[in-house]
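In what follows, a structure is listed as structure tokens, so that the remarks can point back to it.
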Amino acid sequence: MDKTTAFLIFIIIALLVLFCIFVLFQQKKKEKRVESNGDDSSTRALRLQAYERLTLLVDRVALPNLISRVNQAGVSARDMQLLLTRSLKEEFDYNISQQIYVSPEAWDAVKNLKEQNMLVVNQLASALPPNATGLDLNKLLLEYLMTDKKGQLHEVVSEVLSYEAKKLF
């Protein structure tokens, strides 16, 4: 192979490499444009709706709201514990599909809120005597919420969801 043929092969390979780099650059540029502009309007609307639904979920599973919604007179602490945890699971499961529209961080925050609330309900219920009433459990939960900063986790999660939803505009 002479120098001219080798030089032509080198030029052709260089042009192919440059062309590939150009195509990749254009693709990255297009992806950045989609990210910076948000998604198309239908996807953006779905994502915004998901943030709205998850904000509503966070409000519904906030322990004070959950307690007032599922409270039943005359039930034992164990039954109240089951009512609270079942309601938490049902609310979460009903909205589980929304995770595909929100950031992993937002979904993790919602999931952590559910798990934290389940943990608090179960731990405080286990600390009560066997003959405790549902009212006893509810009082203990509300006292915990007033004294422990982790009890206000739902407010932090709501702020995260709100912040991320605003980034869609």
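The values are calculated or read from the model by the stated rules, or taken from the named source; none is laboratory data. Quantities reported herein were computed from a predicted structural model and do not represent experimental measurements. Don't worry about glycine lacking a Cβ; one is built from the backbone with ideal geometry, like all the others, and counts go over all protein chains shown.
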(request) Could you check, for segment 85-93, whether at least one of its residues is touching a residue at least 24 places away in the same chain (Cβ under 8 Å), in contact with a strand residue (DSSP E or B) (Cβ under 7 Å, 6 or more places away or on another chain) and of a type in the set (Ser, Thr, Tyr)? (result) no
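Restricting the search to segment 72-99, which residues are over 21 Å from LEU57 (Cα atoms) and of a type in the set (Asp, Glu)? Steps first, please.
Of segment 72-99, the ones over 21 Å from LEU57 (Cα atoms) are 72-79.
Passing the criteria: only ASP79.
Going by what's in this entry, would GLN72 be described as farther than 30 Å from ASP40 by Cα, of a type in the set (S, T, N, Q) and in contact with a helix residue (DSSP H, G or I) (Cβ under 7 Å, 6 or more places away or on another chain)? Write out each step before concluding.
Numbers: farther than 30 Å from ASP40 by Cα: yes; of a type in the set (S, T, N, Q): yes; in contact with a helix residue (DSSP H, G or I) (Cβ under 7 Å, 6 or more places away or on another chain): yes.
So GLN72 passes the test.
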(request) Mind listing just one residue for me: the one in segment 23-53 that is at pLDDT 80 or above and among the hydrophobic types (A, V, I, L, M, F, W, C) and, of those, nearest to ALA165 (Cα to Cα)? (result) LEU48
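Looking at VAL75, VAL120, VAL110, VAL102, can you tell me which residue is in contact with a strand residue (DSSP E or B) (Cβ under 8 Å, 6 or more places away or on another chain), touching a residue at least 40 places away in the same chain (Cβ under 8 Å) and among the β-branched types (Val, Ile, Thr)?
Just one listed residue meets the conditions, VAL75.
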(message) Please determine whether any residue of segment 121-141 is modelled with pLDDT under 95, among the charged types (D, E, K, R) and farther than 12 Å from VAL58 by Cα.
(response) no
(request) Could you please give the count of residues in segment 1-28 that are surrounded by 10 or more Cβ atoms within 10 Å (Cβ to Cβ) and of a type in the set (Ser, Thr, Tyr)? (result) 0
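How many residues does segment 52-72 contain that are β-branched (Val, Ile, Thr) and free of Cβ contacts under 8 Å to residues at least 60 places away in the same chain? Give the steps one after another, and end with the answer.
Here is the first cut: in segment 52-72, the ones β-branched (Val, Ile, Thr) are 55, 58, 61, 67, 70.
Imposing the further condition that a residue be free of Cβ contacts under 8 Å to residues at least 60 places away in the same chain reduces the set to 70.
Final tally of qualifying residues: 1.
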